[in-house]
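Asks: Handing you a structure now.
The values are calculated or read from the model by the stated rules, or taken from the named source; none is laboratory data. Computed from a prediction, not measured in an experiment: that's the story for all the values here. Cβ coordinates were reconstructed from backbone atoms using ideal geometry, including for glycine residues, and neighbour counts include every protein chain displayed.
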Amino acid sequence: MRTAYLETLYELASKDKNVYAVISDNGAIVYDKYRQDLPEQFINAGISEANMVAMAAGMAERGKIPFAYTIGAFLAYRAYEFILNDVCMMNKNVKLVGIGEGCSYSLLGASHHTIFDFAALRPLPNLTILSPASPMEVKKCVKAAYEINGPVYIRLGTNREPEVYEGDYGFEVGKGVELKSGSDVTLISTGSIVYDVLYAAKELEKQGVSTRVVNIHTITPIDEEIIIKACRETNAILTVEEHSIIGGLGSAVAELISENNLNVRFGRIGLNDFVHGYGKHDELKAANGIGVRDIVDAVMRVGY
Amino acid sequence: MGDLMTIQDRALKIRQQILKMSMGANGGHIAPSYSMTDIVAELFFDDILTYDPKKPEWEDRDYFILSKGHGVLALYAALSMAGFFPEEKLYTFGRVGSELGSLARAHSVPGVEASTGSLGHGLSYAAGIALALKKDNKKNRVYALLGDGECEEGSVWEAVMFASHNRLDNLTIIVDYNGLQAMDSLQNIMSLGDFSGKFRSFGLDAADIDGHNFDEIKEALLRAKGNAQSGSGKPMAIVAHTVKGKGISFMENVPIWHYRIPNEQELEIALKELKMTKEDLGDYEKLSYRNVI
């Protein structure tokens, strides 16, 4: 996803001199090509996330389009109040790019995991929140963010996430994507864990459960239509996210279900309190209750 | 004739309007506005800031970012005096339906550039504007007015480092160094030591001045402009030594006046010292929240 992000940003910045890559001293060699070819459109703001965010808002005041990039946790929590006051409240054309979704920095531990960002950012005014599931979707999200004249947060994985799309597809901000049809259960998910969800769906089909998979790449504004439709057409909904169980996609879907008085079985899985342990990303997900096996088990628990 | 007013006249008028706004709303930060009144008067009315009140968002304007948002009464008064909006609008301050609040919202009031009040934001925002101007080879200047207590925020120093490293000599920091924060003196809470020296050590040009002496304010502001013209690459920090509550004797240097409105006896003294009468305040008792609540 990181590579897809940088390639797309490079492409945009090559065409539009107002596009800026702004970083908080991370990215190291991955920015080399960009720095070499577009040095005037590259700003390393140093290890100072709060300053980076408010400074980017000032740049936007003068018509620049800064893509401010750092580890999601440092953006969404450390610079939170700057995102609120300087970017969202003043409705500035700043793109906030958080790398390391969920526990993808799996060797680093709790300080570097980005698992509360949706909960923190969902209430903020004017902010579009994008959460691509695959490298191809990253490209579409970055281009879409560029087209939006206002604040956008993009949640990125790290690297080597598998592709979940077999070919090109229609992408629209605020519109979920049905990746697989099914009539018993709908799995609603976001981010790179969508790949695991598709794998779990295959397992469920083997067990005779007709499983629909919906990818929500836009957390705000969320696609109410595709979710309500799934609630009406399938017997059960399970949300799966690499985010705290509190305040993320599952919470957003729960709000929709209760406000629309939808009669559907419903369950959520996500991360509880901190992410525990170290290891490979997949190992860490499994150890923290959001592995493929956990998805299948949760469907059985919820019933359909 | 407005144009014949001296800078001293203007500063006095700003202080009078601040009192009137506050009495009308029964709220607002009087003393933090008084310590920066002379600085604002100098910026707006002595050919320092370039602006066009008919085009508040004119792209060639200079930017004034009030990072110490609590002094906004002085900014409102200056903007109205400069012609950004009629004086009557000032006296809607703090009322339901008014855009004039005790902390300002960007662009909701003509001439107000940024939503400030949460401290430690404005300088980073100003630095971003200054950087973008440099990228476009524009000559506009950016001024950020900070509180001294505000400089306890770490983000201020992130921004100072950034401005210095990026050679933003189109950026001028003015610190309203009145020595008091909400609860007590800085000396008792978080002393700043060699304050202008701190800025110098970050690579800025810095000057200590009397923030109520118009000649000294002007000289420092012109020095900042000169630094840019000579291509020094150095942002300027002006540490303006001021008196919180300047202009009303019983408010001066008394922490409680950070946010307090005079009672009837105090008001009499204040009016006298500001060369006003009670009639100048208008119908404040009837209009104020005192009688609404």
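Asks: Could you grab me the full set of residues in the range A:83-120 that are in a loop (DSSP other than H, G, I, E, B) and either within 14 Å of another protein chain (Cβ to nearest Cβ) or touching a Cys at 6+ places or on another chain (Cβ under 6 Å) (or both)?
Replies: Of everything in the range A:83-120, those that are in a loop (DSSP other than H, G, I, E, B) and either within 14 Å of another protein chain (Cβ to nearest Cβ) or touching a Cys at 6+ places or on another chain (Cβ under 6 Å) (or both) turn out to be A:MET89, A:MET90, A:ASN91, A:LYS92, A:ASN93, A:VAL94, A:HIS113.
Asks: Against the definition (of a type in the set (Gly, Ala, Ser), crowded, with 24+ Cβ neighbours inside 10 Å and free of Cβ contacts under 8 Å to residues at least 60 places away in the same chain), how does A:GLY250 come out, yes or no?
Replies: yes
Asks: Output the number of the condition that B:ALA132 fails; it satisfies all remaining conditions of (1) over 21 Å from the mean Cα position of the chain (by Cα); (2) surrounded by fewer than 22 Cβ atoms within 10 Å (Cβ to Cβ); (3) closer than 20 Å to B:VAL112 by Cα.
Replies: B:ALA132 satisfies all of (1) over 21 Å from the mean Cα position of the chain (by Cα); (2) surrounded by fewer than 22 Cβ atoms within 10 Å (Cβ to Cβ); (3) closer than 20 Å to B:VAL112 by Cα except (2).
Asks: Go through the range A:33-49 and report how many residues are aromatic (Phe, Trp, Tyr) and at pLDDT 95 or above.
Replies: Number of matching residues: 1.
Asks: So which residues in the range B:88-98 are surrounded by 15 or more Cβ atoms within 10 Å (Cβ to Cβ) and either in contact with a strand residue (DSSP E or B) (Cβ under 8 Å, 6 or more places away or on another chain) or of a type outside the set (S, T, N, Q) (or both), if there are any at all?
Replies: B:LYS89, B:LEU90, B:TYR91, B:PHE93, B:GLY94, B:ARG95
Asks: Taking the range B:120-133 as the region of interest, how many residues are more than 7 Å from chain A (Cβ to nearest Cβ) and closer than 16 Å to B:ARG61 by Cβ?
Replies: 1
Asks: Mind telling me which of the residues A:GLU137, A:GLU163 ends up being of a type outside the set (A, V, I, L, M, F, W, C), farther than 26 Å from A:MET59 by Cα and part of a helix (DSSP H, G or I)? Break it down into steps so the answer makes sense when it comes.
Replies: Details: A:GLU163 fails: part of a helix (DSSP H, G or I).
Of the residues listed, the single one that is of a type outside the set (A, V, I, L, M, F, W, C), farther than 26 Å from A:MET59 by Cα and part of a helix (DSSP H, G or I) is A:GLU137.
Asks: Further, regarding this structure: I want to confirm something. Restricting to the range B:109-126 and keeping residues that are of a type in the set (Ser, Thr, Tyr) and over 13 Å from the mean Cα position of the chain (by Cα), which single residue is farthest from B:LYS55 (Cα to Cα)?
Replies: Among residues in the range B:109-126 that are of a type in the set (Ser, Thr, Tyr) and over 13 Å from the mean Cα position of the chain (by Cα), the one farthest from B:LYS55 (Cα to Cα) is B:SER118.
Asks: Now for a different question. Please enumerate the residues belonging to the range A:111-143 that are hydroxyl-bearing (Ser, Thr, Tyr) and at pLDDT 95 or above.
Replies: Those that are hydroxyl-bearing (Ser, Thr, Tyr) and at pLDDT 95 or above: A:THR114, A:THR128, A:SER131, A:SER134.
Asks: So, in the range B:141-178, of the ones that are surrounded by fewer than 19 Cβ atoms within 10 Å (Cβ to Cβ) and in contact (Cβ under 8 Å) with a residue 40 or more places away in the chain, which residue ends up nearest to the other protein chains (Cβ to nearest Cβ)?
Replies: Taking the candidates together, the pick is B:MET161.
Asks: Does the range B:99-112 hold any residues that are in contact with a Phe, Trp or Tyr (Cβ under 9 Å, 6 or more places away or on another chain) and surrounded by fewer than 20 Cβ atoms within 10 Å (Cβ to Cβ), and which are they?
Replies: Result: B:GLY101, B:SER102, B:PRO110.
Asks: Could I ask something else about it? Can you name the residue in the range B:81-95 that is over 15 Å from the mean Cα position of the chain (by Cα) and not in a loop (DSSP other than H, G, I, E, B) and, of all such residues, is nearest to the other protein chains (Cβ to nearest Cβ)?
Replies: The qualifying residue nearest to the other protein chains (Cβ to nearest Cβ) is B:LYS89.
Asks: Would you check which residues across the range A:275-304 are among the hydroxyl-bearing types (Ser, Thr, Tyr) and over 15 Å from A:THR211 (Cβ atoms) and list them?
Replies: Residue satisfying the conditions is A:TYR278 alone.
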